[in-house]
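Student: Sharing a structure here in structure tokens format.
FYI, it's all coordinate maths here, none of it is from the lab. Only a predicted model underlies this, so the values are computations on that prediction, with no experimental measurement involved. Positions of Cβ are generated from backbone atoms using ideal geometry, with glycine treated the same way; all protein chains shown enter the neighbour counts.
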Amino acid sequence: MNWFPQLASGAMAQYPLHRSRQWRGITNTLESGETITLRDAPGGSIQWRLRYEELTDAEIAKLTGFFQASRGEAGAFGFVDPFANLLGWSDDLSKPDWQKGLLSVSGGLTDPLGKQRAWDVRNGNGAEQSLAQTLAIPGEYTVCFSAYVRSDSAGTVGIARDGNRVNMAAGPEWKRVQVSGAGAAGAAESTFSIVLPAGSTVRVFGPQVEAQPWPAIYRSSGAAAGILEETRFLGGELKVVHTAPGLSACQVNLISRV
């Protein structure tokens, strides 16, 4: 699958950007005259209006080349929601989206925002274990994986995207740890992991994966929904305006099926 190109900064878009969600409804009229209307989930879509400023010649060439390779509106490609926490069930580590190995988890604990959304993650085994989730995000994408952690006893916790791992100190105060960058070139998916040493217990809150190099404010997620594998261009041409030597602007309109 082809994927919409990131900017050289590793971001998907520039602000401000416009996101419009649309739903399609199906209405049935019964013989009694009563009508029943239900949402047609496969018929939903998101429209994007992305305005780019001060793109370099290389960025413009990459974007226009992608537009031509997609044959304008004809070809579908993957796009990642710039607003989304891409992980599924970020507040519920008991969900099957999370691969827990031999870890045990218990929730309902106070988080750094004063709510009860934190989890104790306990590794009672003799080897390190990982709390992980795998996402269908291409290896060449730059993403940031972050989480808040604390531990009553001083120690370390690992945070990783595939083989890119960072070990961070964990203590009695909440700390946001992160790992950022691209994954394995050509990979069709990436696995994001919080790694606990043997015999340790770490309190975890707010795991988040974003298609950008730095973490934004935490966004709670339900079922994973930010990776949009059926996206197309809207409009028959991509207009580029040269604004300064070596710099250009353009607007990109997309529609994603959800």
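Student: Going through segment 1-29 one residue at a time, which ones are assigned to a loop (DSSP other than H, G, I, E, B) and in contact (Cβ under 8 Å) with a residue 60 or more places away in the chain?
Tutor: The answer is MET1, ASN2, PHE4, PRO5, GLN6, SER9, GLY10, ALA11, MET12, ALA13.
Student: Could you check segment 51-85 and list, in sequence order, the residues that are within 24 Å of LEU135 (Cα to Cα), in a loop (DSSP other than H, G, I, E, B) and touching a Leu at 6+ places or on another chain (Cβ under 9 Å)?
Tutor: Selection gives ASP81, PRO82, PHE83.
Student: Still on this structure, please answer the following. Answer yes if at least one residue in segment 249-258 is out of contact with any strand residue (DSSP E or B) (no Cβ under 8 Å at 6 or more places or on another chain), part of a loop (DSSP other than H, G, I, E, B) and more than 18 Å from LEU63 (Cα to Cα), and no otherwise. Working first, answer last.
Tutor: As a first pass, look at segment 249-258 and keep what is out of contact with any strand residue (DSSP E or B) (no Cβ under 8 Å at 6 or more places or on another chain): none.
No, segment 249-258 contains no residue that is out of contact with any strand residue (DSSP E or B) (no Cβ under 8 Å at 6 or more places or on another chain), part of a loop (DSSP other than H, G, I, E, B) and more than 18 Å from LEU63 (Cα to Cα).
Student: May I ask you to say which residue of ARG176, ARG150, ARG232, ARG165 is touching a residue at least 12 places away in the same chain (Cβ under 8 Å) and closer than 19 Å to ASN85 by Cβ?
Tutor: Numbers: ARG150 fails: closer than 19 Å to ASN85 by Cβ; ARG232 fails: closer than 19 Å to ASN85 by Cβ; ARG165 fails: closer than 19 Å to ASN85 by Cβ.
Result of the check over ARG176, ARG150, ARG232, ARG165: ARG176.
Student: Please state which one of TRP89, TRP48 is aromatic (Phe, Trp, Tyr), within 18 Å of the chain's Cα centre (by Cα) and not in a loop (DSSP other than H, G, I, E, B). I'd like the intermediate steps shown before the answer.
Tutor: Numbers: TRP89 fails: not in a loop (DSSP other than H, G, I, E, B).
Being aromatic (Phe, Trp, Tyr), within 18 Å of the chain's Cα centre (by Cα) and not in a loop (DSSP other than H, G, I, E, B) holds for just one of TRP89, TRP48, which is TRP48.
Student: Another question, then. Please specify each residue of segment 205-224 satisfying the condition of being small (Gly, Ala, Ser) and surrounded by 15 or more Cβ atoms within 10 Å (Cβ to Cβ). Before the answer, list the steps.
Tutor: Going through segment 205-224, the residues small (Gly, Ala, Ser) turn out to be 206, 211, 216, 220-224.
GLY206, ALA211, SER221, ALA224 - these are the residues of segment 205-224 that are small (Gly, Ala, Ser) and surrounded by 15 or more Cβ atoms within 10 Å (Cβ to Cβ).
Student: Same structure, new question: How about segment 126-245: which strands (runs of 3 or more DSSP E) wholly inside it have at least 3 residues that are closer than 27 Å to LEU103 by Cα and of a type in the set (Val, Ile, Thr)? Give the steps one after another, and end with the answer.
Tutor: On the way: elements: 129-135, 143-150, 155-161, 164-170, 175-181, 190-196, 201-210, 227-233, 240-244.
In segment 126-245, the matching strands (runs of 3 or more DSSP E) lie at 155-161, 190-196, 201-210.
Student: Another question about this same structure. Quick one: which residue in GLU54, GLU73 is more than 22 Å from the chain's Cα centre (by Cα), exposed (fewer than 13 other Cβ atoms within 10 Å of the Cβ) and farther than 30 Å from ALA160 by Cα? Show your work before the answer.
Tutor: Numbers: GLU73 fails: exposed (fewer than 13 other Cβ atoms within 10 Å of the Cβ).
Just one listed residue meets the conditions, GLU54.
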